[in-house]
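One structure is given here, and the rest of the page talks about it.
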Amino acid sequence: MNSTLLTKATAVFAVAGALVLGLTAPASARSTAPCSSAGVSADDNSLASQLRAQISWMTGYRMSCARAVARQVKSRGLDLRALQIAFTTVVTETHFDNISVAEDADSLGLFQQRPSMGWGTPAQLTDPAYATNAFLNAMNGHYPNNAWQGGDIPTICQKIQKSAFPDGSNYRASLDQATTIANFVWSRMGKPSSHDFNNDGKTDLAAIDPEGTMVLFVGDGAGRVNYGNAMSGKGHWIGQRLLAAGDFNGDAKIDIAAVSPSGTMELYTGNGAGDLGYSNAMSGAGHWAGQKAIAAGDFNGDGKTDIAAISAEGTMELYAGNGAGGLGYSNAMSGTGHWAGQRLITAADYNGDSKTDVAGIDADGNLAYYAGNGAGGLGWGGPMWNGAHWASHRAIV
């Protein structure tokens, strides 16, 4: 870690300088590794330019690294505070430069973790996914049972990193900027649409067979699926009407929400090994009897999986997930009656702004998307296909 070997005199000067400069001048001549195998995207550059008025040193590359850290936090079902803790550490240590040649002892990567201190190999520590998870594992080790949800963030960072500043003043100097970046990135992240039921990193399919059994077809990561196993008992799914997949209880495993014959939204939790088990009713009995279509995603930007549903009156309604397997009505996402003719919907980020949108097929067979605003609302996005090609299609995902 950059701060570990500073002398006391240098440490005092470094903090004073950081406070005066507002942390606007990170080191420029560094050897860095990419944070994404795809490189810096147009979206990274766009987001960086939006944030630069507040954070003058933000670049597309640094945004790609910030988003790489945020994806790992979100994939573990953690919330914004976890990201604020991680970002406070990274801003202090490297300003989101994924350092590939050690500048201080053998410290490497975004978090300046040291191989000699048992954090991992050099290759691992310059892998943002590994480095972030190593940091989060240490955070949970020092603060079990989510104790990091409370307390002073700089103090938490210091306990994890063990820098040369026992009072955490180096992290305190970065806190405001780190929080600004974390809030910005988090609010623009849609929950990744995932159907990896067995946690092998590949997308699977779950299907109800003619006998009413939910069956897992395991993806091979190359565009094909193979039979995996029955995910639950034979016949149980005969009467289930609407289905949506996502992590509804915050355990980083993929679940299925389903509307029962009695109109109750029920949660079937995944175990991460390809099986499902009944968990609980997610909302009141009978409430969902009139809903015509549902889709899952993080529509309000809080990092928890929600459900968007078309009501009997043709209104798209948001039911916000609480991250613990429950749902509560939040708001109408767009005008009453507008969705009356929509037959099918699905959710994902279709326009690349990191917010969850809804795509739907209308009564005339037109496929269009409605752009999410990241705060629970939808607006017209545009047609996704020219012409009424989709009239005969029976399902979309």
> When you look at A281, is it of a type in the set (G, A, S), farther than 27 Å from N145 by Cα and assigned by TED's automatic domain parsing to the domain that holds K355, yes or no?
Replying inline: no
> If you take the residues in segment 46-77 that are without any contact (Cβ under 8 Å) to a residue 24 or more places away in the chain and in contact with a helix residue (DSSP H, G or I) (Cβ under 6 Å, 6 or more places away or on another chain), which one is surrounded by the most Cβ atoms within 10 Å (Cβ to Cβ)?
Replying inline: A48
> Could you list, in sequence order, the residues of segment 132-188 that are touching a residue at least 40 places away in the same chain (Cβ under 8 Å), within 25 Å of G303 (Cα to Cα) and not in a helix (DSSP H, G or I)?
Replying inline: R188
> Does S100 qualify as being surrounded by 17 or more Cβ atoms within 10 Å (Cβ to Cβ) and either in the same structural domain as A29 (by TED's automatic domain parsing) or farther than 23 Å from R52 by Cα (or both)?
Replying inline: no
> Of (1) surrounded by fewer than 20 Cβ atoms within 10 Å (Cβ to Cβ); (2) assigned to a strand (DSSP E or B); (3) in contact (Cβ under 8 Å) with a residue 60 or more places away in the chain, A347 satisfies all except one. Which?
Replying inline: (1)
>> Give me the strands (runs of 3 or more DSSP E) completely within segment 233-304, filtered to those with at least 2 residues that are buried (at least 23 other Cβ atoms within 10 Å of the Cβ), ordered by residue number.
In response: 243-246, 255-259, 265-270, 293-297
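Here's the yes/no breakdown for (1) closer than 30 Å to G235 by Cβ; (2) under 24 Å from the mean Cα position of the chain (by Cα):
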| site | (1), (2) |
| --- | --- |
| T155 | no, no |
| K162 | no, no |
| Q177 | no, yes |
| H195 | yes, yes |
| N198 | yes, yes |
| K202 | yes, yes |
| A207 | yes, no |
| T213 | yes, no |
| G219 | yes, yes |
> Does G190 meet the test of being touching an Asp or Glu at 6+ places or on another chain (Cβ under 7 Å), at pLDDT below 80 and surrounded by 19 or more Cβ atoms within 10 Å (Cβ to Cβ)?
Replying inline: yes
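Being surrounded by 16 or more Cβ atoms within 10 Å (Cβ to Cβ), assigned to a loop (DSSP other than H, G, I, E, B) and of a type in the set (D, E) is the requirement here; does D43 meet it?
no
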>> Quick check on segment 97-130: of everything there that is assigned to a helix (DSSP H, G or I) and without any contact (Cβ under 8 Å) to a residue 40 or more places away in the chain, which residue is nearest to the chain's Cα centre (by Cα)?
In response: Y130
> If you scan segment 310-328, which residues turn out to be over 16 Å from G341 (Cβ atoms) and either outside any strand (DSSP E or B) or of a type outside the set (F, W, Y) (or both)?
Replying inline: E317, L318, A320, G321, N322, G323, A324, G325, G326, L327, G328
>> Against the definition (within 25 Å of K253 (Cα to Cα) and surrounded by fewer than 23 Cβ atoms within 10 Å (Cβ to Cβ)), how does A320 come out, yes or no?
In response: yes
> Inside segment 104-154, can you point out the residues that are surrounded by 14 or more Cβ atoms within 10 Å (Cβ to Cβ) and hydroxyl-bearing (S, T, Y)?
Replying inline: S107, T126, Y130, T132, Y143
> Which of the residues that make up segment 352-390 are in contact (Cβ under 8 Å) with a residue 24 or more places away in the chain, assigned to a loop (DSSP other than H, G, I, E, B) and loosely packed, with under 14 Cβ neighbours inside 10 Å?
Replying inline: G352, D364, A375, H389
>> As an exercise: evaluate H195 against (1) assigned by TED's automatic domain parsing to the domain that holds Y350; (2) surrounded by 15 or more Cβ atoms within 10 Å (Cβ to Cβ) and give the number of the one condition it does not meet.
In response: (1)
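Condition check: assigned by TED's automatic domain parsing to the domain that holds A38 and in contact with a Lys or Arg (Cβ under 9 Å, 6 or more places away or on another chain). Does T121 satisfy that? Spell out the reasoning first.
Working: assigned by TED's automatic domain parsing to the domain that holds A38: yes; in contact with a Lys or Arg (Cβ under 9 Å, 6 or more places away or on another chain): no.
No.
The values are calculated or read from the model by the stated rules, or taken from the named source; none is laboratory data. These numbers were taken from a predicted model, which means no experiment stands behind them. Backbone-built Cβ (ideal geometry, glycine too); neighbour counts: all protein chains shown.
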